[in-house]
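The values are calculated or read from the model by the stated rules, or taken from the named source; none is laboratory data. Just so it is clear, the structure is predicted and the values come from calculations on it, not from any experiment. FYI the Cβ positions are ideal-geometry reconstructions off the backbone, even for glycines, and counts take in every protein chain you see. The area values use the complete protein model at the heavy-atom level, side chains included, leaving out ligands, DNA and RNA. Shrake-Rupley method; radii C 1.70, N 1.55, O 1.52, S 1.80 Å.
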Amino acid sequence: MLVSIIQTIATRLVAIQTLRTIIMTKKSIISLAVVGVAMGVASIGVYAAPILKSASSFDSAAITAEQAINTALNQIPGQAVKVDFEHKMGKAYYEVDINHGNQKHEVKVDAASGKIIKSDVENLKNPVTASVSLQQAIAKAQAVVGGKVKEAKLKTKEGQMYYKIETVNQQAKHELKIDANNGSILANEQDTKD
């Protein structure tokens, strides 16, 4: 009888130890799951922060794309073919590309001060010129949809030269294509902000 009591106690101790192991394993799995979810949420914040910072920087930029183009053209003569708002390494600026002869000048204009912070030049194999200036295309886009220009660039597709212009306002983002030869609107797409 004593032997059977000892065997029963031993069996129950093994069962209790097995339950403890299972409980600890479940706690570990739950803990790992909680840590995984927390890391996932944190990584979303890390990736979303620069996007939010960039949007905030664009909204609070002291100068406009048009002013950045004029600043660059005052320094380097030619035809502006691109303006693009950038926010990198804590610095907000407009990148303006100007074609002059067989060269492309990339000018970075500080979005807060309006001063040129950098200028690079490279040779072009096939320089292009448009009948309609970038400034005229921007003015046309803003007359049609309003908003603040975030990006505009001269593009060529299937032999057709046009400006792709992105404007942003509080309600929507517009993407327009404006013919670079006659200034007509080729496309106007709207993406409503949620």
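Between residue 131 and residue 170, the simple label model (points 7 Å from Cα in the Cβ direction) yields a spacing of 3.9 nm.
Modelled spin-label separation between residue 17 and residue 106, with each label point placed 7 Å from Cα along the Cα-to-Cβ direction: 6.8 nm. Couplings 3J(HN,Hα) for segment 128-133, derived from phi with the Karplus relation 6.51 cos²θ - 1.76 cosθ + 1.60 (θ = phi - 60°), are 10, 10, 10, 5, 9, 6 Hz, where x marks Gly and Pro. Once all protein chains are placed together, residue 117 keeps about 80 Å² accessible to a 1.4 angstrom probe. Under the combined filter of DSSP loop state and at most 16 neighbouring Cβ atoms within 10 Å, segment 76-168 retains these GluC sites (Glu not before Pro): 158. For the set 97, 120, the ranking by accessible area, highest first and with no ligand, DNA or RNA atoms included, is 120, 97 under a 1.4 Å probe.
Accessible area per residue for segment 108-147 is 59 Å², calculated with a 1.4 Å probe on protein heavy atoms, without ligands, DNA or RNA. Stretching residue 156 away from residue 190 to a fully extended chain increases their span by 10.1 nm, per 0.36 nm per residue minus the current alpha-carbon distance. Heavy-atom accessible area with a 1.4 Å probe sorts 179, 191, largest first, into 191, 179.
With the Kirkwood sum run over all distinct C-alpha pairs, segment 81-141 has a hydrodynamic radius of 12.7 Å. Rolling a 1.4 Å probe across all protein chains gives residue 71 an accessible area of roughly 40 Å².
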